[in-house]
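Step one of this worksheet: look at the structure below.
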Amino acid sequence: MPNPFVLPFDNPTSLLALLFAAALVISLLVRFWLTTRQMRHVASHSDSVPAAFANTVTLEAHRKAARYTLTKGNFSLWTMAFGATVLIGWTLLGGLGLLNTTLRDAVQPAFGGMAYQLTLLTAFVLIGLLLDLPFELYTTFRIEQAFGFNRMTWKLYLIDAGKGLLIGALIGLPLAAAMLWIMGSTGRLWWLWAWSAWMAFNLLALVLYPTLIAPLFNTFKPLADPSLEARVQALMAKCGFFAKGFFVMDGSRRSAHANAYFTGFGAAKRVVFFDTLLDKLSPSEVEAVLAHELGHFKHKHVLKRIVSMFAISLVGFAALGWLSSRIWFYAAFGVQPSMSAPNDAAALLLFMLIVPVFGFFVSPLLAGLSRRHEFQADAYACSKSNGNDLALALLKLYGDNASTLTPDPLYARFYYSHPPASERLAAMRTLALKT
């Protein structure tokens with residue numbers, strides 16, 4: 001008689017399910033702890049502006065940022081709990097297995113294996129969108145609306161949703177079909193061919209997105225301010241960069257948040273300013289923000305991230321290639337692999353469900369690397385433009401976006417892709433003293 005107190009380390013099915021359950025519980029507890037810690041820290045510092053910002057940030061703006069952070073934090077606790085429940089339902093409770101068996105029995109005999117697999121992927125995505133929809137609507141039309149950030153109308157929301165679904169179908173279905181064909185037709189090293197196809201698609205998207213996809217959602221007009229255009233062209237020339245054009249995007253149609261970014265790849269690079277950014281910043285501050293973005297290119301951050309994406313995805317595809325041939329991989333999560341129909345779509349969905357749970361534990365390393373890149377880009381901007389203008393621009397953006405100036409240090413280390421305002425400004429002051 002087997003001992004019920006002996007952990008099943010010799011049973012891959014039970015072991016994988018146990019490891020997944022443990023990782024999910026631990027990650028959820030850590031996320032809850034960090035979020036509540038952040039909320040307590042922000043609330044306890046909401047009644048006084050930090051000394052470093054006393055002359056530039058009003059108490060009311062500081063309190064608004066605290067309320068915004070607390071509201072989003074409270075809501076995120078609910079979304080975390082709901083997301084974990086849905087994930088358990090798909091995996092440990094056999095939801096994906098039930099969906100897979102139902103669609104396989106209904107579609108595969110009449111329409112073939114490819115139709116069944118595409119139906120499975122489509123059904124999974126649509127169910128996920130429907131489950132996430134109430135949370136998305138609440139965020140946009142309740143939280144963002146309450147703090148004055150949302151400018152999205154219901155009509156525009158529905159138009160965007162329709163466009164997104166149509167583009168997703170036109171691009172996603174052929175891409176999924178190609179990946180599934182590679183998985184089923186290219187032998188044991190299918191994962192290498194699939195990885196190559198995935199990377200080719202991503203590189204192509206970097207080139208085509210700015211000119212073909214983005215204009216379907218936003219209007220991009222050439223920068224119409226001659227003095228600002230001359231200013232940014234001079235900065236680009238001084239930094240040794242070339243862009244295909246300078247454009248203003250109608251971000252104000254959807255949100256009051258402001259931003260600027262580079263997009264595209266190679267000769268297709270273009271500079272995009274949100275109209276909200278140009279409304280809030282002076283020309284010298286816009287120049288400083290652009291210099292920061294140029295700093296990312298100067299330090300090859302974009303190229304490094306692309307290379308990192310290549311490497312991480314290669315490991316992921318290799319892992320999927322190994323796991324998809326193991327019956328215990330499916331059995332651990334209640335999926336019954338078929339002997340007569342392909343199992344590639346089921347394997348792909350299972351992998352996409354479980355990997356983020358384990359990936360959570362390395363996310364602080366990626367966030368730390370991103371913060372390091374931001375410091376480097378700030379330093380470059382200070383060397384090519386006025387550091388005071390960059391500091392003023394950051395303060396305006398932090399204020400207009402209601403970003404808290406007093407985040408919990410541990411929460412920031414774990415999650416923040418950008419350094420807290422206090423650290424960025426302190427680094428700029430240090431640079432100024434050295435020059």
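The values are calculated or read from the model by the stated rules, or taken from the named source; none is laboratory data. Model, not experiment: these values are computed from the prediction. Note that we place each Cβ from the backbone using ideal geometry, even for glycine, and neighbour counts take in every protein chain shown.
Remarks
- Identity of the residue in the range 151-192, aliphatic (A, V, I, L, M) and part of a loop (DSSP other than H, G, I, E, B), that ends up farthest from the chain's Cα centre (by Cα): L189
- Subset of the range 316-335 (residues that are outside any helix (DSSP H, G or I) and either more than 17 Å from N100 (Cα to Cα) or of a type outside the set (A, V, I, L, M) (or both)): S324, S325, R326, F333, G334
- Some residue of the range 46-62 being assigned to a helix (DSSP H, G or I), hydrophobic (A, V, I, L, M, F, W, C), out of contact with any Ser or Thr (no Cβ under 7 Å at 6 or more places or on another chain) and at pLDDT 95 or above: no
- Taken as a whole, the condition of being hydrophobic (A, V, I, L, M, F, W, C), surrounded by fewer than 18 Cβ atoms within 10 Å (Cβ to Cβ) and without any contact (Cβ under 8 Å) to a residue 60 or more places away in the chain applies to F201.
- Of all the residues in the range 214-236, those that are touching a residue at least 40 places away in the same chain (Cβ under 8 Å) and not in a helix (DSSP H, G or I) number 4.
- From the list F273, F242, the lone residue that is assigned to a loop (DSSP other than H, G, I, E, B) and under 25 Å from L390 (Cβ atoms) is F242.
- Residue selected from the range 80-96 under the condition of a type outside the set (A, V, I, L, M) and surrounded by 15 or more Cβ atoms within 10 Å (Cβ to Cβ), by the criterion nearest to Q145 (Cα to Cα): G83
- Some residue of the range 360-374 being without any contact (Cβ under 8 Å) to a residue 40 or more places away in the chain, under 22 Å from L93 (Cα atoms) and surrounded by 15 or more Cβ atoms within 10 Å (Cβ to Cβ): no
- Screening the range 261-288 for residues that are under 16 Å from A377 (Cβ atoms) and buried (at least 21 other Cβ atoms within 10 Å of the Cβ) and picking the one that is modelled with the lowest pLDDT gives V271.
- Cβ-Cβ under 7 Å pairs, at least 6 apart or on other chains, the range 48-71 side of a type in the set (S, T, Y), far side at pLDDT 90 or above and surrounded by fewer than 18 Cβ atoms within 10 Å (Cβ to Cβ): Y68/F147; T71/I143
- Given (1) modelled with pLDDT of 95 or more; (2) outside any helix (DSSP H, G or I), index of the condition G148 fails: (1)
- Reported count of residues in the range 22-63, each being touching a helix residue (DSSP H, G or I) at 6+ places or on another chain (Cβ under 9 Å) and of a type in the set (D, E, K, R), is 3.
- When L96 is tested against the conditions (1) in contact (Cβ under 8 Å) with a residue 12 or more places away in the chain; (2) farther than 27 Å from A347 by Cβ; (3) more than 22 Å from the chain's Cα centre (by Cα), the lone failure is (2).
- Any hit, the range 305-323, residues being in contact (Cβ under 8 Å) with a residue 12 or more places away in the chain and charged (D, E, K, R): no
- Any hit, the range 124-142, residues being touching a residue at least 24 places away in the same chain (Cβ under 8 Å), surrounded by 14 or more Cβ atoms within 10 Å (Cβ to Cβ), in contact with a Pro (Cβ under 9 Å, 6 or more places away or on another chain) and not hydrophobic (A, V, I, L, M, F, W, C): no
- Check on V302, in contact with a helix residue (DSSP H, G or I) (Cβ under 7 Å, 6 or more places away or on another chain), surrounded by fewer than 17 Cβ atoms within 10 Å (Cβ to Cβ), part of a helix (DSSP H, G or I) and without any contact (Cβ under 8 Å) to a residue 60 or more places away in the chain: yes
- Screening the range 311-349 for residues that are loosely packed, with under 15 Cβ neighbours inside 10 Å and within 19 Å of A200 (Cα to Cα) and picking the one that is nearest to the chain's Cα centre (by Cα) gives I312.
- Condition check for A258: over 22 Å from Q376 (Cβ atoms), aliphatic (A, V, I, L, M) and outside any helix (DSSP H, G or I): yes
- Residue in the range 198-213 that is under 25 Å from M309 (Cβ atoms), among the hydrophobic types (A, V, I, L, M, F, W, C) and outside any helix (DSSP H, G or I) present: no
- Residue match in the range 148-168 (condition: of a type in the set (D, E), out of contact with any helix residue (DSSP H, G or I) (no Cβ under 7 Å at 6 or more places or on another chain) and within 21 Å of S340 (Cα to Cα)): no
- Candidates L29, L99, L118, L77, filtered to the one that is modelled with pLDDT of 95 or more, among the aliphatic types (A, V, I, L, M) and surrounded by fewer than 14 Cβ atoms within 10 Å (Cβ to Cβ): L29
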